[in-house]
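**Student:** Submitted below is the structure of interest, expressed as structure tokens.
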Amino acid sequence: WREISNGDKLLLCSDGLWEMVHEDLILAIVHSSSDPEDICKRLITAANNSGGFDNITVIIAIFEKH
């Protein structure tokens with residue numbers, strides 16, 4: 001169990017992403033932006049550039065406490 005903090009990001013993805021893109025690059029892309037749409041597009045592009053042999057599904061949630 002982990003407390004969710006402001007700015008935390010949650011990535012849900014299919015094997016079409018994590019089998020094609022190394023974890024270090026995934027983390028770098030996720031941490032490079034605060035725009036969920038930009039992050040998703042960049043992750044999908046990275047998977048396609050690595051071969052894109054499978055369906056690629058990416059969902060990112062960025063938590064903001066008010």
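**Student:** What number of residues in region 1-48 are in contact (Cβ under 8 Å) with a residue 12 or more places away in the chain and of a type in the set (D, E, K, R)?
**Tutor:** Selection size over region 1-48: 5.
**Student:** Just checking, how many residues over region 2-49 are more than 21 Å from Glu64 (Cβ to Cβ) and among the small types (Gly, Ala, Ser)?
**Tutor:** 5
**Student:** OK, next. Here's a check for you: in region 12-66, which residue that is assigned to a loop (DSSP other than H, G, I, E, B), open to solvent by less than 70 Å² (accessible area, probe 1.4 Å) and of a type outside the set (A, V, I, L, M, F, W, C) is farthest from Arg2 (Cα to Cα)?
**Tutor:** Here the residue is Gly51.
**Student:** Across region 52-61, which residue is farthest from Asp35 (Cα to Cα) among those that are modelled with pLDDT of 95 or more and hydrophobic (A, V, I, L, M, F, W, C)?
**Tutor:** Ile56
The values are calculated or read from the model by the stated rules, or taken from the named source; none is laboratory data. Because the structure is a prediction, the values reported are computed rather than measured. Here the Cβ is made from the backbone with ideal geometry for all residues, glycine too, and neighbour counts use every protein chain on show. With ligands, DNA and RNA removed, areas are computed over all heavy atoms of the protein, side chains included. Shrake-Rupley method; radii C 1.70, N 1.55, O 1.52, S 1.80 Å.
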